[in-house]
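> To start, I am sharing the structure in question, which I have written as structure tokens.
The values are calculated or read from the model by the stated rules, or taken from the named source; none is laboratory data. Bear in mind that the values here come from a model prediction, so they are computed numbers and not experimental data. Positions of Cβ are backbone-derived with ideal geometry, glycine not excepted, and every protein chain shown enters the neighbour counts. Heads up: the accessible areas ignore ligands, DNA and RNA and are worked out on the full protein's heavy atoms, side chains in. Shrake-Rupley method; radii C 1.70, N 1.55, O 1.52, S 1.80 Å.
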Amino acid sequence: MKTLKFAEAIESAIKQAMEEDKNIIILGEDVHTLRVNLLTQFGKDRVISTPISEGGFLGMGVAAAMAGLRPIVEIMMIDFIAVAMDAILNHAAKIYFFSGGKWNVPIVIRASCGGGYGDGGQHEQSLWGWLAHIPGVSLVVPSRPINAGGLMYSALKQDHPVIYLEHKLLSHYWLDYLGLGGRKNIKIDVPAEGSEGSWPDKWTSIPLGKAEILKQGTDITLVGVGVDVHRALEAAKILQDKKINAEVIDLQSISPLDIKTIKDSVEKTKSILVIDEDYKMFGLSGEIAALLLEHGLSFKYGRVCTETTIPFNLEKELKTLPNINSIIEEALKLK
Amino acid sequence: MNALNKEDLSLILKLYEMMYKSRKYEEAVKKIWEDGYITGEMHMGTGEEAIIVSVVSQLIDGDYIAVDHRGTSAFLLRSIDPVQLLLEFMGHEKGICCGNGGHMHLFSKEHWAASSGIVGAEGPAACGFALALKYKKTKNIAVAFFGEGAMNQGMLMESLNLSSALNLPVLFICKDNNWAITTRSNEVTGGSLIDRAKSFKIESLEVDGLDLISMLNATHYAINKIRNESKPFFIQAHCIHREGHFLGDPLLRFQKDPINEFKNALGPLIKAMFAKKGTKIPSRIKNMIKTISLIIKSGSQLKKKSDPMNLILKDLRELTNEEDLFKKIEEKVDNEIDQIVKKVFEIYGGRK
């Protein structure tokens, strides 16, 4: 096991997968600089820089996947997926179904996501609920180097579209590009265990749709993805002091969703708090409640989510996104 | 550049003042960002002054501007309160958008000014403003400011077509520095941009955007035409960005502090170079060098001779040898900017 950064884990998993499978290519804006190591090793036929035209090059990636390649299409920030939504919603997600199950689209759409560094409401959204809403696509959000690499490696083995979201607080280069710009006088609350950690010498797949219990507990279930997992772990420590033993689940993958692990936990704790940096209404948090109800469970339920457009003002932003205070406040209401 | 007459002097001095104000204001913003009072990214327009001033100085009340993520200069020169503008960059509640927007998401309804952080969104926005202006039978126009990188974005190309098909009074200003973040735009663009605009039957001009006088002539012609004929016009204005894509631009950072920056990058690069599988070693070297050469290319934007401020001063010196005239303007503006920053920090609550 090595200790390295979140983003390095992703790159290492891609490198291993590209060495194993010649059909994997990378398409996206600025990839000659962002992925210069992969460009150097694999050449410009496999690491292809595109113009700023997400609608065009994502659509191109979808058809290239249909024609036998395995593209990783990079959308710099998931906010910009709005420009290219048609390629996912009406094509990547539907072609397998439309073709009667005879034509696959093995594409990985990689994008940075999330806020917490003061960049405003068009650059800090999460949008996983909006995307996972679509039947026919999988969506994963890693939280630590170990699952950042494992989920990417797994995504590159799938026969169907996978959206892979990389939280900017965990990926040091994104945070430096967008939040710091080389400045040393900016303080950002980066979860240390997410941005750096151990990972193996050789990557193996983490199955999509498998959650991981990061802390066992008996009194309340805290679930989330990405940075929210780390906020939950921090909250669990504070709750412990108040004699509340929280169980913390890292969903890892939003679609498919590992409802079994959540259900088993809630059967034990009888209460669940969903921590979701994405928008509150019609999203992950509500979906988890609905699924648990469909399974006939009776439980206490709360959620901490983003309810408005993310304000540019950092102080207001940090209050808008799930944070340790809002998590503790809601958790205590359930006890 | 076209020949200047003595009688132009007062106009050029006025425009020089606007350019100088824009430059100094943005330099103050840069300092405030460096000191950590502005979060996130900060996209500077230093190097675009001749373009922005030539257009904005000819706008009248009721003309709309749709600006990209690099909107400081256009907003400032459209007479939006400079204190409130700066406070917005700092996320303060007394900012023009109450601290909700930040520098990429600026809006001032009473100044007919909107912006967007989504590349290319200025095209459809300007078309929409123009459609409303035309419907209301005004003589007003709408201006879209965007970079050449946006020209490959579908919605911008669609808006060129819409403006032509619907005869909309839109001025498309393509600020072309040939960089789309760290990508050389010509390497990811088919054909010429001006031909692209012309193919939509939009009258178009290619201009040296560093040169105020050329820009002034081109925009004067274009704006008259748009107002009188209600038709779109496209200007491709070549320029530079003295701070690259944004403050802390990774390429310029390498340029300014190569030893430290390379120290971090070198390890993974060497690994990639000697990894067992992959393309042949000479091709690896070629690809790596190509990316590294971008660092050197990015530095050309820092050259003094491609600074519009120097070019306009050269023009002014041909008209007059009274250096005092410029000095007076500079002193006045310097003082004005000092006052703005002082007031901003009075409201913000002091500078650490």
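> How large is the helix-only mean residue ellipticity at 222 nm for chain A, computed as the sum of -39500 (n - 2.57) over DSSP H runs with n ≥ 4, divided by its residue count, in deg cm²/dmol to the nearest 500?
Working: 14 runs with 121 residues, N = 335.
For chain A, the value works out to -10000 deg cm²/dmol.
> Same structure again: Which of the chymotrypsin sites (Phe, Trp or Tyr not before Pro) found in segment A:258-335 are in a DSSP loop and have at most 14 neighbouring Cβ atoms, other than their own, within 10 Å?
Working: sites: A:Tyr279, A:Phe282, A:Phe299, A:Tyr301, A:Phe312; in loops: A:Phe282, A:Phe299, A:Phe312.
Hits after loop and neighbour filter: A:Phe282.
> Quantify how strongly other chains surround peptide B:128-137 by giving the mean number of their Cβ atoms within 10 Å of each of its Cβ atoms. Don't skip to the end; give the middle numbers.
Values: counts 0, 0, 0, 0, 0, 0, 0, 0, 0, 0.
The shielding value for this peptide is 0.
> When DSSP assigns beta bridges and you keep just the ones with both residues in the protein assembly as shown, what percent turn out antiparallel, to the nearest 5? Write out the running numbers ahead of the final one.
Working: 13 of 75 bridges.
Of the beta bridges lying entirely in the protein assembly as shown, close to 15 percent run antiparallel.
> Have a look at segment B:254-276 and report residues whose accessible surface goes down by 40 Å² or more when the remaining protein chains are included, against the chain on its own, probe 1.4 Å, ligands and DNA/RNA excluded.
Listed by number, the residues meeting the 40 Å² cut-off are B:Leu269, B:Ala272.
> Please list the radius of gyration and Dmax for the protein assembly as shown, considering alpha-carbon atoms only, with Å as the unit.
When restricted to Cα atoms, the protein assembly as shown yields Rg and Dmax of 26.4, 88 Å.
> Above 23 angstrom, tally the Cα pairs of segment B:166-269 and express them as a % of all pairs, no decimals. Could you put the intermediate results ahead of the total?
Numbers: 2380 of 5356 pairs.
Considering segment B:166-269, 44 percent of its Cα-Cα pairs are separated by more than 23 Å.
> Further question: Test of the criteria: in segment A:15-107, which trypsin sites (Lys or Arg not before Pro) are in a DSSP loop and have at most 10 other Cβ atoms within 10 angstrom of their Cβ? Don't skip to the end; give the middle numbers.
Working: sites: A:Lys15, A:Lys22, A:Arg35, A:Lys44, A:Arg46, A:Lys94, A:Lys102; in loops: A:Lys22, A:Arg35, A:Lys44, A:Arg46, A:Lys94, A:Lys102.
Sites meeting the loop and neighbour criteria: A:Lys102.
> Next question. May I ask you to list the residues of segment A:230-252 whose amide nitrogen lies under 15 Å from a point 7 Å from Cα along the Cα→beta-carbon direction of A:Lys300?
The answer is A:239-240, A:242-247, whose backbone nitrogens lie closer than 15 Å to the label point.
> Just flag the trypsin sites (Lys or Arg not before Pro) in segment B:123-153 sitting in loop per DSSP whose Cβ has no more than 12 other Cβ atoms within 10 Å. Before the final figure, lay out each step's value.
Numbers: sites: B:Lys134, B:Lys136, B:Lys137, B:Lys139; in loops: B:Lys136, B:Lys137, B:Lys139.
Here the trypsin sites (Lys or Arg not before Pro) that fit, given the DSSP loop and packing criteria, are B:Lys136, B:Lys137.
> When the Kirkwood radius is taken over all Cα pairs of chain A, what Stokes-Einstein diffusion coefficient follows at 37 °C and 0.692 mPa s, in µm²/s?
On the way: Rh = 20.1 Å.
Taking Rh from Cα pairs, D becomes 163 µm²/s.
> Can you compute 3J(HN,Hα) from phi for each residue in segment A:108-123, using the Karplus curve 6.51 cos²θ - 1.76 cosθ + 1.60 with θ = phi - 60°, rounded to whole Hz and x for Gly and Pro?
For segment A:108-123, the Karplus curve yields 10, 9, 10, 8, 7, 8, x, x, x, 9, x, 10, x, x, 9, 9 Hz.
> Follow-up question, since we're still on this one. Kindly provide the helix-only [θ] at 222 nm of chain B, computed as the sum of -39,500 (n - 2.57) over DSSP H runs of four or more divided by all residues, to the nearest 500 deg cm²/dmol?
On the way: 13 runs with 179 residues, N = 352.
The helix-only estimate for chain B comes to -16500 deg cm²/dmol at 222 nm.
> Another one. How crowded by other chains is B:147-155, given as the mean number of beta carbons from other chains within 10 Å of each beta carbon?
Working: counts 1, 2, 4, 3, 3, 6, 7, 7, 3.
Partner-chain Cβ atoms within 10 Å, mean over residues of B:147-155: 4.
> Per the 1.4 Å probe, what fraction of the accessible area of segment A:71-181, in percent, lies on carbon and sulfur atoms? The partial results should precede the final answer.
On the way: 1770 of 2890 Å².
Its accessible area is 61 percent carbon and sulfur atoms.
> Report the antiparallel proportion of the DSSP beta bridges in segment A:1-147 as a percent, rounded to a multiple of 5. Numbers along the way, then the final one.
On the way: 0 of 14 bridges.
Percent antiparallel among DSSP bridges in segment A:1-147 is about 0.
> For peptide B:84-93, how many partner chain Cβ atoms fall within 10 Å of a residue's Cβ, on average? Don't skip to the answer; put the middle values down first.
Details: counts 0, 0, 0, 0, 2, 1, 3, 9, 2, 3.
Per-residue shielding by partner chains comes out at 2.
> State the Cα centre-to-centre distance between segment A:237-292 and segment A:29-82 in whole Å.
Cα centroid of segment A:237-292 versus Cα centroid of segment A:29-82: 34 Å apart.
> What does the charge count near B:Asn161 come to, summing +1 for each Lys or Arg and -1 for each Asp or Glu among other residues with Cβ under 12 Å from its Cβ?
Charge balance in the 12 Å sphere: +1.
> Gaussian network model of chain A, Cα springs within a sub-10 Å range: biggest mean-square fluctuation belongs to which of A:Ile244, A:Ile262, A:Ile206?
A:Ile244
> Counting residues in segment B:39-92 as N, plug N into 2.2 N^0.38 Å and put the Cα Rg over that result.
Relative to the rule-of-thumb radius for its length, segment B:39-92 sits at 1.16.
> Equivalent-ellipsoid semi-axes (√(5λ), Cα gyration tensor) for segment B:1-154, whole Å, largest first? Numbers along the way, then the final one.
Numbers: eigenvalues 115, 95, 46 Å².
For segment B:1-154, the semi-axes come out at 24, 22, 15 Å.
> A follow-up question, please. Using Cα springs under 10 Å in a Gaussian network model of chain B, which residue among B:Ile181, B:Ile285, B:Ile38 shows the largest mean-square fluctuation?
Judging by the Gaussian network model, the answer is B:Ile285.
> Determine the relative contact order of chain B: mean sequence separation of Cα pairs under 8 Å and six or more apart, normalised by residue count, in whole percent.
Details: 571 pairs, mean separation 69.4, N = 352.
With pairs under 8 Å counted, the relative contact order is 20 percent.
> With both bridge residues required to lie in chain A, what share of the DSSP beta bridges run antiparallel, to the nearest 5%?
20
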